[in-house]
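One structure is given below, encoded as structure tokens.
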Amino acid sequence: MTHPSFNLARSADILQVRGRQILDSRGRPTVEVDVSLRDGSSGRACAPSGASTGRHEVLELRDGDDGLHEGRGVSKAVNNINGEIAELLKGRPATSQAGLDEALRTHDGTANLSRLGANAVIATSLAICRAAAIHERLPLHRYIAQLLGTTRTSMPMPMTNILSGGAHARRSMDFQDFLAIPVGAKTYGDALNMLASVRSAASDLLAEDGITTLLADEGGLSPGYASADEAFRLMMRAFERAKLRPGHDIAIAIDVAASEFYRDGKYHLAGEQRTLDGEEMAEYLGDFIRRYPLISIEDAFDQDDWSSWSSFTKRFPKVQIVGDDLFVTNPDRIARGIEVGAANAVLIKVNQNGTLTGAFEAMKRARAGGYATVISARSGETEDSFIADLAVGSDAGQIKIGSVRNSERLAKYNQLTRIAELEAAELTFSFS
Ligand code: PGA
Ligand code: ZN
């Protein structure tokens, strides 16, 4: 007979779940959760938070106007973790990720996790995964691969914010992100080197141009150009300054975040003082595709403008067309997109879905339809580097973290550097 204390020492059963309110990279409250197991393993995770959130995302629970943190406090979500969620999970094995995520969803009882709070649920879900990885004595990315039933892992190709606008930069430019993709990088180390050079070159060029820049939420520079074309030109100059060949070594991606300026069926480009319908918007973007090495476009259209999405995707099959607010990491919306040919890639943000298992389902659905996957951070982040391991362990292919500035971003970039020591670090860019 096995000695009882031996079993106890090896048990992955959850002993304690503790939540707390911490601050994110914008200085706003968010949720952090610690999950500890009977064997002494423990995992910690934090909920990120968006600014240009999609209408169909799950719901972050915030306290509302109680005078603290401008109503953005998360004490209700924290109380739910320390009360109902802890009660629900105690004594259950952390290694049953899918079962626990399902239990959290069922116990919440709403479609958008608004009762317990999606921020409470996602931080708990990720902390369970971390604790279980430690219990299994596996690096987190390998444990994630095991959960997905595979040993196939890969280093993701980063797309990195250089210039910012939209909701992350006081709307100083219409488009939200101008990013660089180091398509010619052979290794993750090469990729980082190129990206850091381009980011520095952009900063130097703007200073030389006498432009005062705003440092945006994701560490990108916001020169406040009135037209997108000026931003594309600056990107090209930064590539040249960094001695990189556009289209060979490095290429451009944008996140239009078009839902942010879509009203009454029209796209309102404030900087350019133009109002476009879906068809004109496609023309406008098509012009940039023809003139610049623009290989990936996210949220070119509004989150419910399905027909514009479909016709654009059909028209530019060689460009990666990424759905963020369109899909909100929701398997049903991804299935609808595949059916109508909207986009050919999916941005995966764990907190848009609410659980890790839900995010896995979104990725599986995307892949089954031949869509590429890009793991993404939010504009409000913490020092939690979970998504770095997620990108490798799920063989996602690509990752979008923000700029190579600010510790909440570097926590992820640097974790990828550590993982690259363990994994074959070869990089490729492909979206189909
Ligand atoms: P968000 O922005 O986190 O503010 O939603 C990120 C993105 O749009 O990709
Ligand atoms: Zn986006």
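The values are calculated or read from the model by the stated rules, or taken from the named source; none is laboratory data. The structure presented is a predicted model; accordingly, all values stated were derived computationally and were not measured. Virtual Cβ from ideal backbone geometry, glycine too; neighbours counted across all protein chains shown. Just so you know, the surface numbers come from the protein's heavy atoms only, side chains and all, with ligands and any DNA or RNA stripped out. Shrake-Rupley method; radii C 1.70, N 1.55, O 1.52, S 1.80 Å.
Partner aspartates and glutamates whose Cα lies under 13 Å from the Cα of Lys349, excluding those fewer than 8 positions away in the same chain, are identified as Glu57, Asp324, Asp325, Glu361, Glu381.
With helices as the sole contributors, the chain gives -11500 deg cm²/dmol at 222 nm; each DSSP H run of n ≥ 4 counts as -39500 (n - 2.57), and the sum is divided by every residue. Applying 1/(1 + (r/R0)^6) with R0 = 51 Å to the Cβ-Cβ distance of Arg245 and Ser114 gives a FRET efficiency near 0.55. Between Ala335 and Glu70, the FRET efficiency from the beta-carbon distance, with R0 = 30 Å, is close to 0.20. Taken about its Cα centre, segment 157-423 carries a charge dipole of about 600 debye when Lys and Arg each add +1 at the Cβ and Asp and Glu each add -1 at the Cβ.
Placing R0 at 45 angstrom, the Cβ-Cβ distance between Glu230 and Thr187 gives a FRET efficiency of 0.85 after rounding to 0.05.
Relative to the current alpha-carbon distance between Ala368 and Arg28, full extension at 0.36 nm per residue lengthens the span by 118.7 nm.
Computed over protein heavy atoms with a 1.4 Å probe, the carbon and sulfur contribution to the accessible area of the chain reaches 47%. Checking the cross-link filter: which lysines have an alpha carbon closer than 22 Å to that of Lys186, excluding same-chain neighbours under 8 positions apart? Qualifying lysines at Cα under 22 Å: Lys243, Lys318, Lys400, Lys412. Placing His168, His135, His56 in order of accessible area, with the largest value first and a 1.4 Å probe, yields His56, His135, His168.
Remark: spin-label model distance Glu84-Thr275 equals 4.4 nm, labels positioned 7 Å along the Cα→Cβ axis.
Taking all protein chains into account, the per residue accessible area for segment 8-137 stands at 42 Å² (1.4 Å probe).
Between Arg418 and Ser307, the contour length at 0.36 nm per residue exceeds the Cα-Cα span by 35.7 nm. Note on Thr160: accessible area is roughly 0 Å² with a 1.4 Å probe, heavy atoms of protein only.
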